[in-house]
Amino acid sequence: MTAEVEAGSVPAFSRVQAMLDREENFSALPSLALAMRFELPACALEETVIAFDANVLLRLNNHPRCEDIIDVLRASCEGRLILPGQVIQEFWNNQFAVIPTVAVTLRKKFDDFREALSEVDSEFGDYASRFDSLIDEFNAEFGYVFDENSTRRARLFLELLQEKAKVPFVSRSALFQTAQARKRTKTPPGFKDTTDGDFYVWADLLLGLAEMKEEGAVFQRVALVTMDKKIDWSRQGVPHPILSAEVGAICGADFETITINELAVRLLD
């Protein structure tokens, strides 16, 4: 495990900014050596801070054990949940592309129906085109209506986060040049993207961890739940060593990225 870091008297954001800009001591070699082992030692749930990426907010509601996951997080993770502030706006900006809507559901069911019709009699083709027109009209008028089961579970998860999670925001203007410099030097995360959203997700997360240390929280592991598979986050499930080193520099904890299924196994099995 990375050496423990004393919070000291330096404000949390100043510490995060200095580390992101490499203005304070930063050791990446131990994280590289640990990453080459392709595994971390076991860590108890009560010693783990759990953070959530935007793609998890968008997809957790479709997981078959979604409500069980929410129940265990509510009961067992008091004071150890982080939702980076950047995630909130990315969730809202992207939710229409992922959360099933009534119109999308109807379209899928109609496509199945039309395929069945084509196997029976080609004379039903006129009905198919009329159904197409009706579905398009419905989508134009009511496409914003979310599938009720999806929205209910999404609301449950958001209620949990509202009750239990720390939601940190770093200063965007103060880190603007930092974001650009890190992208030019291919410093993770986000150097595979054209925008800086992933960087601010990361900076918000680090600020939350620094604030937790200032508040006296004790934890050994930070688990970011994400569905992002790009190498500027992880490779074959192993987080980029620079990310692990930055977490270690801020709070002295190990870092890992896990999927929603892996989170479900740890919480429920």
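The values are calculated or read from the model by the stated rules, or taken from the named source; none is laboratory data. The structure presented is a predicted model; accordingly, all values stated were derived computationally and were not measured. Counting neighbours? That spans all protein chains shown, and the Cβs are built from the backbone with ideal geometry, glycine included.
Selection within the stretch 118-148: residues that are out of contact with any helix residue (DSSP H, G or I) (no Cβ under 8 Å at 6 or more places or on another chain) and among the polar types (S, T, N, Q). The member of this set that is modelled with the highest pLDDT is S133.
Has the stretch 187-203 got at least one residue that is in contact with a His (Cβ under 6 Å, 6 or more places away or on another chain) and either surrounded by fewer than 24 Cβ atoms within 10 Å (Cβ to Cβ) or not in a loop (DSSP other than H, G, I, E, B) (or both)?
Looking only at the stretch 187-203, we keep the residues that are in contact with a His (Cβ under 6 Å, 6 or more places away or on another chain), and these are 188.
Those still in the list that are either surrounded by fewer than 24 Cβ atoms within 10 Å (Cβ to Cβ) or not in a loop (DSSP other than H, G, I, E, B) (or both) too: 188.
Yes, there is a match, as at least one residue in the stretch 187-203 is in contact with a His (Cβ under 6 Å, 6 or more places away or on another chain) and either surrounded by fewer than 24 Cβ atoms within 10 Å (Cβ to Cβ) or not in a loop (DSSP other than H, G, I, E, B) (or both).
Where helices (runs of 4 or more DSSP H) sit wholly within the stretch 46-98, those with at least 1 residues that are among the basic types (K, R) occupy 54-59, 66-76.
G248 fulfils the conditions (1) touching a Leu at 6+ places or on another chain (Cβ under 8 Å); (2) under 18 Å from P30 (Cβ atoms); (3) of a type in the set (G, A, S) except for a single criterion, (1).
Conditions (1) over 27 Å from N149 (Cα atoms); (2) modelled with pLDDT under 90, marked per residue:
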| site | (1), (2) |
| --- | --- |
| A12 | yes, no |
| M19 | yes, no |
| E24 | yes, yes |
| S27 | yes, yes |
| P30 | yes, yes |
| A42 | yes, yes |
| A54 | no, no |
| L58 | no, yes |
| L81 | no, no |
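Cβ-Cβ distances below 6 Å connect the following pairs, each with a first residue in the stretch 161-172 that is surrounded by 13 or more Cβ atoms within 10 Å (Cβ to Cβ), a second residue that is in a loop (DSSP other than H, G, I, E, B) and not charged (D, E, K, R), and a separation of six or more residues or different chains: L161/L83; A165/L83; V167/L83.
Scanning the stretch 234-255 for residues that are of a type outside the set (S, T, N, Q) and surrounded by 21 or more Cβ atoms within 10 Å (Cβ to Cβ) yields a count of 13. Determine whether the stretch 210-224 contains at least one residue that is in the same structural domain as A18 (by TED's automatic domain parsing) and closer than 15 Å to L20 by Cα. Taking every residue of the stretch 210-224 in turn, at least one turns out to be in the same structural domain as A18 (by TED's automatic domain parsing) and closer than 15 Å to L20 by Cα.
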